[in-house]
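The values are calculated or read from the model by the stated rules, or taken from the named source; none is laboratory data. Computed from a prediction, not measured in an experiment: that's the story for all the values here. Because the Cβ atoms are built from the backbone with ideal geometry, glycine has one as well, and the counts that use them run over all protein chains shown. Calculation scope for accessible area: heavy atoms of the full protein, side chains included, ligands and nucleic acids excluded. Shrake-Rupley method; radii C 1.70, N 1.55, O 1.52, S 1.80 Å.
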Amino acid sequence: MMMWWHGLSMVGSLAVTGPIGVAIAIWLVAGRSWHLTAAWCALFGAGMALVVATKVAFMGWGVGVEAVEFAGFSGHAMRAAAVFPVAFFLLVRTRALPWRVAATAAGVALAVLIAVSRVYVEAHSVSESVTGCILGLLVAVSFIWYASVQQHMAMSRWLLLMCLPIVLIAPRVEPVPAEQWIAQLAMHLSGRDQTYTRSIWHKPKSLRHSSSAGFSQ
């Protein structure tokens, strides 16, 4: 069972969801859907930026919500909730409404499972996974709503051809060290030589000026 959750967690990794997000943008550009391309890049980019901002705030300055163990949005949950509903929707965008609803719902279900997997593999707290998933779904819903009133020429099969190799191959490659990059950014901006970690919440308040090494996932 744990292998199942680890597998789902890998599907939400940056090595998978990042390239799918880029594939969506390339597909929209190929269909000369300039407005949709700009909307997707802006929405997905904003979601990614919020994830990084909350993680940097915690790692660099200890800004979080101790009561619910929130140390930043889950990047896996956010990206999965953003890209999978959108990719599935675009694959059947020219089909009848029931197809579009079913495909989008399947993408949402996959994203929710990935968010749950982050809790099971103990990479995130419930609050981080839930809020990350909600943030990603806001990105997806906003884009799908905008796309539903726009016209574009892109062919769905090309998006499928671009995404399938990513989903099949990317989980087997070396993980992208995104958390280490964020940690380095946080230390650079805060001037600290170590990042804050969740262990700070288990220390007496008088000792919380120091932090132990380690990175949240």
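A few comments on the model shown:
- Taking 0.36 nm per residue of separation and subtracting the current Cα-Cα distance, fully stretching the chain between HIS35 and ALA67 would add 7.4 nm.
- Loop trypsin sites (Lys or Arg not before Pro), segment 46-146, which have at most 15 other Cβ atoms in a 10 Å radius of their Cβ (DSSP): ARG95
- For THR197, the amide hydrogen comes within under 5 Å of the amide hydrogens of SER212, counting only partners 5 or more places away or on other chains and with H modelled in the peptide plane.
- Protein accessible area in segment 12-154, 1.4 Å probe - carbon and sulfur %: 73 percent
- Estimated inter-spin distance, MET187 and GLU122, nm [label 7 Å along Cα→Cβ]: 2.4 nm
- Estimated at 0.36 nm per residue, the fully extended path between LEU138 and TRP201 surpasses their Cα-Cα distance by 19.7 nm.
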